[in-house]
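K.L.:
Got a structure here, written out as structure tokens. Questions coming.
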Amino acid sequence: MVSRGTSTGEVNSQPTRAGVRTLVLGGVRSGKSGHGESLLRAHTEVRYLATGPTTSTDAEWVARVAAHRQRRDERYTTLETIDIGGALRSDPHTPTLIDDLGTWLAAELDALGGWGPEPVDLAELRATLCAAIASFTGDLVIISPEAGLSLVPPTPAGRRFQDELGTLNEAVAAACDRVVLVVAGRVVELPANAEAAAPTPVTPVVSSPPSPLAPRPAPGRPERTKPETPAEPGANPTTAPQKSSSVDPTDAEVFETVATPDLGIARAARERHLTLTKPAGSLGRMEDIGVWLASCQGVCPPRPVSAPTVAVFAGDHGVARSGVSAFPPEVTAQMVANIAGGGAAVNVLARRSGATVHVFDMSVDADTAPDVSRFKVRRSSGDLTTTDALSLAEARTALAAGRAIADELVDSGADLLIGGEMGIGNTTPATVLIGTLSRREPVEIVGRGTGIDDAGWIRKTAAIRDGMRRARRHVHDPLSLLASVAGADLTALAGFLAQAAVRRTPVILDGMVVTAAAMVAAELAPGASRWWLAGHRSVEPAHTIALHHLDLEPVLDLSMRLGEGSGALAALPLVASAVDILSTMATFDEAGVSDRDASPTVTDSPSATAPGEPSPTAVAVTR
């Protein structure tokens, strides 16, 4: 470790010591965050745990978040989470800044329903957090509002928050090595305990900046790898195009701003529909689909879909061992081999539509072919009823894998993507995600999945109830939510769908499992849903709720419930036809057909059409 007060090039010959844990207290706009950042300025790598929401209707809050982001340089790795205890435990060495405990406490109270008249006990949460702080071995700076600097709030909820924050600050202070107070940009070093306060005067730091904490050597970080050229799309079947891959999970949950599909092109496409040899709106949703795809491509008329590509994300789930599915978990690996060999329904439908299929083993509880498992995160995910499905590090790796897969396929020429899934029991975590994000009760959303009987439905409902109970506290933190209950396959799917939107590539969503991942992707990358089309509505009740949540109207409703991407592939020919209509159908002028607004040649003829009525030719077109 680099000794305190030395340059980064001087190696301390003394035995390695623990880092310094500092609690920085202050009021609103006191400068506490800036001071906390200055304490870590000598480090070459700093992890930033941001506890506040990144999206909000509060313009002032959004501006403050943006200002904080601009102030942080390239040394910072940002993780936006409320599971700060888990983040500290997962990496207890990297210099870390937590900003701040006030928003963390508010999120926890929100998740636990702590604003009502009945008090909630946060003692266990405080103890867990303080234990993680006490065991942290690197330099750690924690920012928190000082409750005693404000007036007593006039509302019960405000007073509860102030009381809980004061208790939390006291507990965290006991776990830290230093506590400082920032007032109007001035820094006061507080004594170690209350008894020492009276005889010991304190000196504010006014003109000179505080001494930074000594930097620790930055651990090795894998570089982002540039993907090799994948196999040509269009051949069926095929597996993943590369032999081996590594991904950099750094900031995997932080997505670039998603652009809006071209609204000007959408207008042009609607206007073109009015010139085609048909009554306006007579092709219904097919016209809307063509307009959507034209706006995604940014050109009117749209180009034909030439390289539709399916990515099937496979994984096992610990909850499947409790009898929530009609099939045993071993079927997942068998079906992955079937998809890779071209024998599954997804392959049959893809061949009919001219799509390419790739299958990716994210967490199958078996060894699979190297081409299939090159992004594999782990074998099976944890049982969501009793433990986290993934660690935060694994969730971030799965997100990064999904993003890398989307990038690979788009870079190889894919012009439309379909996300599919394969995993026995995966409707259980999917239903937990949908129920948690839509605030529904388990009995409203539990379906039959692969065809379970009544006893299986009861077991599944109980599992989803337990999973939702664990997931609710993470509802405002997409990464923690995925780690808690989703599993590597659904997490990778979320990253895939969000990154496709970032890359301005249209996506046809499949059934309930894919749409559940899409709900989280929409939280990670706001605006991503504008790049998605719902291929179908499955018979799973949770799917309708998820589609409503995303404000998506399905193309088909065929009582399907297979998954794999089958419903999206069933809709693909209609999407292709919608493009053909806009791009190859004749206009009224080209065909020499009069439209309904055409003026008659002889205006004074007794047989002339009355104003506002369709011409005989237009009526003939209608027939």
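K.L.:
Select from the stretch 323-341 the residues that are buried (at least 17 other Cβ atoms within 10 Å of the Cβ) and either part of a loop (DSSP other than H, G, I, E, B) or in contact with a Ser or Thr (Cβ under 7 Å, 6 or more places away or on another chain) (or both) and list them in ascending order.
P.N.:
Val324, Ser325, Pro329, Ala333, Val336, Ala340
K.L.:
Failed condition for Phe360, given (1) in contact (Cβ under 8 Å) with a residue 24 or more places away in the chain; (2) assigned to a loop (DSSP other than H, G, I, E, B), with all others met?
P.N.:
(2)
K.L.:
What is the residue count in the stretch 87-114 for residues that are of a type outside the set (Ser, Thr, Tyr), crowded, with 16+ Cβ neighbours inside 10 Å and farther than 21 Å from Leu39 by Cα?
P.N.:
Final tally of qualifying residues: 9.
K.L.:
Is at least one residue of the stretch 531-548 over 19 Å from Ile434 (Cα atoms), touching a strand residue (DSSP E or B) at 6+ places or on another chain (Cβ under 9 Å) and not aliphatic (A, V, I, L, M)?
P.N.:
Yes; the residues of the stretch 531-548 include at least one that is over 19 Å from Ile434 (Cα atoms), touching a strand residue (DSSP E or B) at 6+ places or on another chain (Cβ under 9 Å) and not aliphatic (A, V, I, L, M).
Residue-wise test of (1) basic (Lys, Arg); (2) at pLDDT below 80; (3) over 14 Å from His474 (Cα atoms).
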| site | (1), (2), (3) |
| --- | --- |
| Leu49 | no, no, yes |
| Thr57 | no, yes, yes |
| Gly85 | no, no, no |
| Leu101 | no, no, yes |
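K.L.:
If you don't mind, there's one more thing I want to ask. Please indicate, with yes or no, whether at least one residue in the stretch 377-390 is of a type in the set (A, V, I, L, M), under 29 Å from Ile545 (Cα atoms) and over 19 Å from the mean Cα position of the chain (by Cα).
P.N.:
No: zero hits.
K.L.:
Please indicate, with yes or no, whether at least one residue in the stretch 96-114 is small (Gly, Ala, Ser) and over 24 Å from Glu253 (Cα atoms).
P.N.:
Yes, the stretch 96-114 has at least one match.
K.L.:
Sticking with this one: Just give me the residues in the stretch 511-560 being of a type in the set (A, V, I, L, M) and farther than 19 Å from Leu490 by Cα, in sequence order.
P.N.:
Val539, Leu552, Val555, Leu556, Leu558, Met560
K.L.:
A follow-up question, please. Suppose we keep only residues that are in contact with a Pro (Cβ under 7 Å, 6 or more places away or on another chain) and either part of a helix (DSSP H, G or I) or not small (Gly, Ala, Ser) (or both) within the stretch 342-357. Which one would you say is modelled with the lowest pLDDT?
P.N.:
My answer is Ser353.
K.L.:
Take Leu433 and decide whether it is in the same structural domain as Ala501 (by TED's automatic domain parsing) and within 22 Å of Ala111 (Cβ to Cβ).
P.N.:
yes
K.L.:
Scanning the stretch 360-392 for residues that are within 24 Å of Val324 (Cα to Cα) and hydrophobic (A, V, I, L, M, F, W, C), which turns out surrounded by the most Cβ atoms within 10 Å (Cβ to Cβ)?
P.N.:
The extreme case among them is Ala389.
K.L.:
Further question: Whether any residue in the stretch 528-535 is surrounded by fewer than 20 Cβ atoms within 10 Å (Cβ to Cβ), touching a residue at least 40 places away in the same chain (Cβ under 8 Å), farther than 30 Å from Thr332 by Cα and assigned by TED's automatic domain parsing to the domain that holds Thr431 is what I want to check.
P.N.:
yes
K.L.:
Pull out all pairs, ordered by first then second residue, where Cβ-Cβ is under 9 Å, the residues are six or more apart or on different chains, the first lies in the stretch 262-274 and is part of a helix (DSSP H, G or I), and the second is surrounded by 19 or more Cβ atoms within 10 Å (Cβ to Cβ) and aromatic (Phe, Trp, Tyr).
P.N.:
If the second residue must be surrounded by 19 or more Cβ atoms within 10 Å (Cβ to Cβ) and aromatic (Phe, Trp, Tyr), the pairs left are Ala266/Trp292; Ala269/Trp292.
K.L.:
Here is a further query. How many residues does the stretch 346-397 contain that are within 18 Å of Gly419 (Cβ to Cβ) and among the acidic types (Asp, Glu)?
P.N.:
The total comes to 1.
K.L.:
For Arg75, which of the numbered conditions (1) within 23 Å of Leu479 (Cα to Cα); (2) modelled with pLDDT under 90; (3) of a type in the set (Lys, Arg); (4) out of contact with any Ser or Thr (no Cβ under 7 Å at 6 or more places or on another chain) fails to hold?
P.N.:
Here Arg75 meets the rest and fails (4).
K.L.:
A follow-up question, please. Given (1) under 27 Å from Ile82 (Cβ atoms); (2) crowded, with 23+ Cβ neighbours inside 10 Å; (3) among the aliphatic types (A, V, I, L, M); (4) under 16 Å from the mean Cα position of the chain (by Cα), where does Val475 come up short, assuming only one miss?
P.N.:
Evaluating Val475 over (1) under 27 Å from Ile82 (Cβ atoms); (2) crowded, with 23+ Cβ neighbours inside 10 Å; (3) among the aliphatic types (A, V, I, L, M); (4) under 16 Å from the mean Cα position of the chain (by Cα) leaves (2) as the failure.
K.L.:
Considering Val514, Val443, which residue is more than 23 Å from Thr78 (Cβ to Cβ), surrounded by fewer than 19 Cβ atoms within 10 Å (Cβ to Cβ) and either touching a Gly at 6+ places or on another chain (Cβ under 8 Å) or among the hydrophobic types (A, V, I, L, M, F, W, C) (or both)?
P.N.:
That would be Val443, the only listed residue that is more than 23 Å from Thr78 (Cβ to Cβ), surrounded by fewer than 19 Cβ atoms within 10 Å (Cβ to Cβ) and either touching a Gly at 6+ places or on another chain (Cβ under 8 Å) or among the hydrophobic types (A, V, I, L, M, F, W, C) (or both).
K.L.:
Right, another one. Any idea which of (1) under 21 Å from Val172 (Cα atoms); (2) at pLDDT below 85 is the one Leu40 doesn't satisfy?
P.N.:
The single condition Leu40 does not satisfy is (2).
The values are calculated or read from the model by the stated rules, or taken from the named source; none is laboratory data. This is a predicted model, so every value here is computed, not measured. FYI the Cβ positions are ideal-geometry reconstructions off the backbone, even for glycines, and counts take in every protein chain you see.
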